[in-house]
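Colleague: Sharing a structure here in structure tokens format.
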Amino acid sequence: MAQLEITDVSKVFPGGTVAVDRFSLKVADGELVCLLGPSGSGKSTLLRMVGGFERPSSGVIAIDGEDVTRVPPERRPTGMVFQSHALWSHMNVFRNLAFGLKLRRLPKDEIRRRVEAVLELVGLAGYGARQTNQLSGGQQQRVALARSLVLEPKILLLDEPFASLDQHLRERLREEVRDIQQRLKITTLFVTHGQDEALALADRIVVMRDGRTEQVGSPDMVYREPATPFVAGFIGTMNLVEGRVAGGRFERGGFGVPVPVADGPVTIAVRPEALGIAPSDGAASHVHRVTDYGTHAIVDIELADGTRVKAMVREARDWRAGQGVALKPEAFAAYRDDAVVHRG
Amino acid sequence: MTARAVPMARHETDWVGIFFAVVLTLVIIFPLIVVATWSVANVWRYPAVIPQEFGLRYWHMTLARADMWTSITTSITLSLVVTALSALICLPAAYAFARMEFPARSFLFFSFIAGQAFPKFGLLVAIAGIFLQLQLIGSFWGVVLIQLVGTLLLMIWIPVAAFQNVDRRMEEAARDVGAGPLRVFRSITLPQAGPTIAAAILLTFVNTFYETEGAWLIGAPGVRTMPVQMIFVINNQPVIQLGAVLSVLLWVPSIFALIFARRVIGSGSFARGFGA
Ligand SMILES: Nc1ncnc2c1ncn2[C@@H]1O[C@H](COP(=O)(O)OP(=O)(O)O)[C@@H](O)[C@H]1O
Ligand SMILES: [Mg+2]
């Protein structure tokens, strides 16, 4: 039903900060796209332009083919959930949810019916009479979500909605949002700086850096085949070892892999789970520390030149600090000039 | 408060608190009691601690005067008009100050400060000169104008602080669900800033009620407010009891303002009452 199209959008703030730089993205009907990037990469600015709170310096934003670039927020078919929930503290829950419906001049019983339905949807049936400050952080965010959903927006926008909640609650709300989104089939743009959140939620992830797209792809794709060292380093844990290829081989402090490319600088990226290690007395590398996570353990290894890498192992007790190890990368990628030149 | 501070508070006496309570009583409450007692003393000669004869003689004397009632009406009307005009002019201005980035902002702020930094009476005399030419001297609207100028500082800068404290995300959230800028101001910004703005309005009303210099300089001889009337009466009839009665009469707006303030600012019902 609803499709979002962002074409060549830039935002330059007074003072010269380029927050978003020629950004383009199409979000299909019912799709959930995560904007993922470190703080300051322009995610919020982009979202706020879609919601109408910032005016793009250039470019076009269209919803269902209709150009809304210059439409003020109150006349856009978008619904925004803010990180700080931004509930109106002088109104109770019911009135927070009913405000937008009243502006649309719906009949009273229709308003009541829709508010009750949406409260049910977010798991807060019967909370209408509560004051907003009598709710927990998670409940407040649920009300904020409900406030947007009750108006049935074409595009749902969420700006790090769970960032201020604790880990446990965050994971639960994440699942609820995903459930609700799929049930309503609502086109959604979700901003986060947490890669686990993006991986868990998204149909597609847009990795942003300095206001630009670094990579777009499914969570699986972005995780398995990061297009640049930046993406590789940002998503999941990744060993990034810089060095040179000489004669088709990369070597650094006892870490060596074949890289069939021309001689020159490269960055090798290996996931800890793809870095095989074996005990080897007299090897150039040794175990620096072992951290047990219960389900698995992470072995920190110091290469001959002092560089550290991480390897994932099953059992912590098989390893001890100081022990010599041989490294056998099972899967890796080699990057040169911000692009993949070889996967092995 | 930390968990440890609670048992400690039981053992230690709050000397600072007691000190301030005593000082406050001596400085404010005690003089008030003395003045109130004087107003109902028909006879009170030194060295008696309480009056020899209580009675309402001076109240009757005061309230029997027609010019007294005129001045009361004048003061109330004047204060209401000035406060209403001040709010009408200053609240939108304060919102603009708080929300918009315009270069003139710091200049305007400075000009307000500058206006307060010079001796007020000199300024008033200069303004009186101008008003004389405009034939505003001795007129109701002349006094309104001069008192209005006096209220601007308070009526702009307290609301500016109040508006600045309103979470912009709340306003944006209201835009998001379909409210235009005016509706956002009425349904979100104003109620959020409500209690503080109510305080500014109350202070403006009371300050205007008690303002004397401008009212006297511009108002005389045609317009006589209560404080001006009080000076006039005391100058003509220097009797302590008369002064006391007039003082007590002048407290009335303060007491009303305080009662109103407690209900409005303390409860938060004011803010909720504004809701959409
Ligand atoms: N209102 C603003 N005025 C000036 N600069 C801004 C404003 N909002 C954001 N920025 C700048 O734009 C850049 C992107 O910010 P933002 O979109 O908030 O990033 P993110 O949400 O990814 O953390 C940052 O450098 C930030 O300082
Ligand atoms: Mg942000």
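Colleague: When you scan the range A:1-17, how many residues do you find that are more than 16 Å from ligand 1 (Cβ to nearest atom) and more than 29 Å from A:ILE180 (Cα to Cα)?
Modeller: The total comes to 1.
Colleague: Given the structure, is A:VAL115 crowded, with 22+ Cβ neighbours inside 10 Å, more than 16 Å from ligand 2 (Cβ to nearest atom) and over 20 Å from A:LEU47 (Cα atoms)?
Modeller: On the way: crowded, with 22+ Cβ neighbours inside 10 Å: no; more than 16 Å from ligand 2 (Cβ to nearest atom): yes; over 20 Å from A:LEU47 (Cα atoms): yes.
Considered against the rule, which asks whether it is crowded, with 22+ Cβ neighbours inside 10 Å, more than 16 Å from ligand 2 (Cβ to nearest atom) and over 20 Å from A:LEU47 (Cα atoms), A:VAL115 comes out as no.
Colleague: Hey, another quick one. Looking only at the range A:18-62, how many residues end up being farther than 15 Å from A:PHE190 by Cα and either within 12 Å of ligand 1 (Cβ to nearest atom) or touching a residue at least 40 places away in the same chain (Cβ under 8 Å) (or both)?
Modeller: Selection size over the range A:18-62: 18.
Colleague: What's the total number of residues in the range B:162-182 that are more than 7 Å from chain A (Cβ to nearest Cβ) and either of a type in the set (Lys, Arg) or in contact with a Cys (Cβ under 9 Å, 6 or more places away or on another chain) (or both)?
Modeller: Number of matching residues: 1.
Colleague: Could you tell me whether A:LEU47 is within 16 Å of ligand 2 (Cβ to nearest atom), buried (at least 19 other Cβ atoms within 10 Å of the Cβ), more than 14 Å from chain B (Cβ to nearest Cβ) and under 22 Å from A:GLU197 (Cβ atoms)?
Modeller: no
Colleague: With more than 13 Å from every other protein chain (Cβ to nearest Cβ), part of a loop (DSSP other than H, G, I, E, B), within 14 Å of ligand 2 (Cβ to nearest atom) and of a type in the set (S, T, N, Q) as the only criterion, which of A:SER84, A:SER39 stands out?
Modeller: Matching residue, one of A:SER84, A:SER39: A:SER39.
Colleague: Then there is this: Out of all the residues in the range A:7-32, which are within 15 Å of A:VAL216 (Cα to Cα), surrounded by 18 or more Cβ atoms within 10 Å (Cβ to Cβ) and away from ligand 2 (no atom under 16 Å from the Cβ)?
Modeller: Within the range A:7-32, A:LEU25, A:VAL27, A:GLU31, A:LEU32 qualify.
Colleague: Scan the range A:83-104 and tell me whether some residue there is within 12 Å of ligand 1 (Cβ to nearest atom) and surrounded by 15 or more Cβ atoms within 10 Å (Cβ to Cβ). Reasoning before the result, please.
Modeller: Of all residues in the range A:83-104, those within 12 Å of ligand 1 (Cβ to nearest atom) come to A:83.
With surrounded by 15 or more Cβ atoms within 10 Å (Cβ to Cβ) added as a condition, the list becomes A:83.
Yes, because at least one residue in the range A:83-104 is within 12 Å of ligand 1 (Cβ to nearest atom) and surrounded by 15 or more Cβ atoms within 10 Å (Cβ to Cβ).
Yes/no per residue for (1) modelled with pLDDT under 95; (2) surrounded by fewer than 19 Cβ atoms within 10 Å (Cβ to Cβ); (3) within 18 Å of A:TYR335 (Cα to Cα):
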| position | (1), (2), (3) |
| --- | --- |
| A:LEU201 | yes, no, no |
| A:VAL206 | no, no, no |
| A:GLY211 | yes, no, no |
| A:ASP220 | yes, yes, no |
| A:GLU225 | yes, yes, yes |
| A:GLY233 | yes, yes, yes |
| A:THR237 | yes, yes, yes |
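Every residue, every condition in (1) at pLDDT below 85; (2) under 25 Å from the mean Cα position of the chain (by Cα); (3) among the hydroxyl-bearing types (Ser, Thr, Tyr); (4) surrounded by fewer than 16 Cβ atoms within 10 Å (Cβ to Cβ), yes or no:
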| residue | (1), (2), (3), (4) |
| --- | --- |
| B:PHE107 | yes, no, no, yes |
| B:PHE121 | yes, yes, no, yes |
| B:GLY138 | yes, yes, no, yes |
| B:ASP167 | no, no, no, no |
| B:MET170 | no, no, no, no |
| B:ALA174 | no, no, no, no |
| B:LEU202 | no, yes, no, no |
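The values are calculated or read from the model by the stated rules, or taken from the named source; none is laboratory data. The shown structure was predicted, so the numbers you read here are calculated from the model rather than taken from an experiment. Cβ coordinates were reconstructed from backbone atoms using ideal geometry, including for glycine residues, and neighbour counts include every protein chain displayed.
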